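Below: one structure, written as structure tokens.
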């Protein structure tokens with residue numbers, strides 16, 4: 001809802017929880033917070049710390065090199081708005097993979113549709129959100145593979161979609177090597193991305 005204070009200025013009344021849209025989200029001021037809208041509800045979380053950023057870059061680069069070398073599609077990193085039709089407008093996963101056959105969902109300002117792979121790097125404050133809210137949301141949307149990364153333990157859980165639910169494809173920790181059902185030839189040594 002828009003209200004006019006004076007003829008020359010416009011003030012916005014923010015929507016109630018449950019009524020948020022992408023248009024309202026796009027009006028949010030720049031902030032140190034990261035915002036997402038899931039089923040009309042606004043969620044916020046703090047900007048990632050240094051460990052999170054280093055792990056995100058290492059993982060994104062490893063996946064990017066593999067995907068680019070094999071001409072499989074595109075890799076994008078946060079912040080990028082992903083609009084999941086009828087479910088979220090938007091979410092901001094840390095890393096997104098979109099297969100070449102699905103590239104029409106990549107728009108100039110955002111991604112409008114369901115990516116093939118989404119990666120979330122958790123913090124103590126976001127772990128329940130990543131493991132429950134986003135886990136269910138991404139499965140319902142039809143995201144084929146979902147990775148949840150724990151930076152403190154340097155562990156990665158890879159989930160593969162079966163019907164409308166995820167099953168654990170692999171749990172990788174320590175000296176493990178991350179593997180993917182979606183990208184079967186991909187191998188990422190955890191030591192390479194955790195800086196151990």
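At a glance:
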item	result
Count of the stretch 170-181 residues which are surrounded by fewer than 19 Cβ atoms within 10 Å (Cβ to Cβ) and within 20 Å of residue 115 (Cβ to Cβ)	3
Wholly within the stretch 115-164, strands (runs of 3 or more DSSP E) carrying at least 2 residues that are in contact with a strand residue (DSSP E or B) (Cβ under 6 Å, 6 or more places away or on another chain), free of Cβ contacts under 8 Å to residues at least 24 places away in the same chain and farther than 17 Å from residue 45 by Cβ	155-162
Filtered residue count, the stretch 182-196, keeping only those that are over 22 Å from residue 131 (Cβ atoms), in contact (Cβ under 8 Å) with a residue 24 or more places away in the chain and surrounded by 14 or more Cβ atoms within 10 Å (Cβ to Cβ)	3
In the stretch 5-30, residue nearest to residue 80 (Cα to Cα) [restricted to those that are at pLDDT below 75 and loosely packed, with under 10 Cβ neighbours inside 10 Å]	11
Scope the stretch 43-73; condition assigned to a strand (DSSP E or B) and either surrounded by 18 or more Cβ atoms within 10 Å (Cβ to Cβ) or touching a residue at least 40 places away in the same chain (Cβ under 8 Å) (or both); matching residues	43, 45, 46, 73
Residue match in the stretch 101-120 (condition: surrounded by 15 or more Cβ atoms within 10 Å (Cβ to Cβ), more than 12 Å from the chain's Cα centre (by Cα) and under 30 Å from residue 191 (Cβ atoms))	no
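The values are calculated or read from the model by the stated rules, or taken from the named source; none is laboratory data. Keep in mind that what you see is a predicted model, and the values were worked out from it rather than measured. Cβ atoms come from the backbone with ideal geometry, glycine included; neighbour counts cover every protein chain shown.
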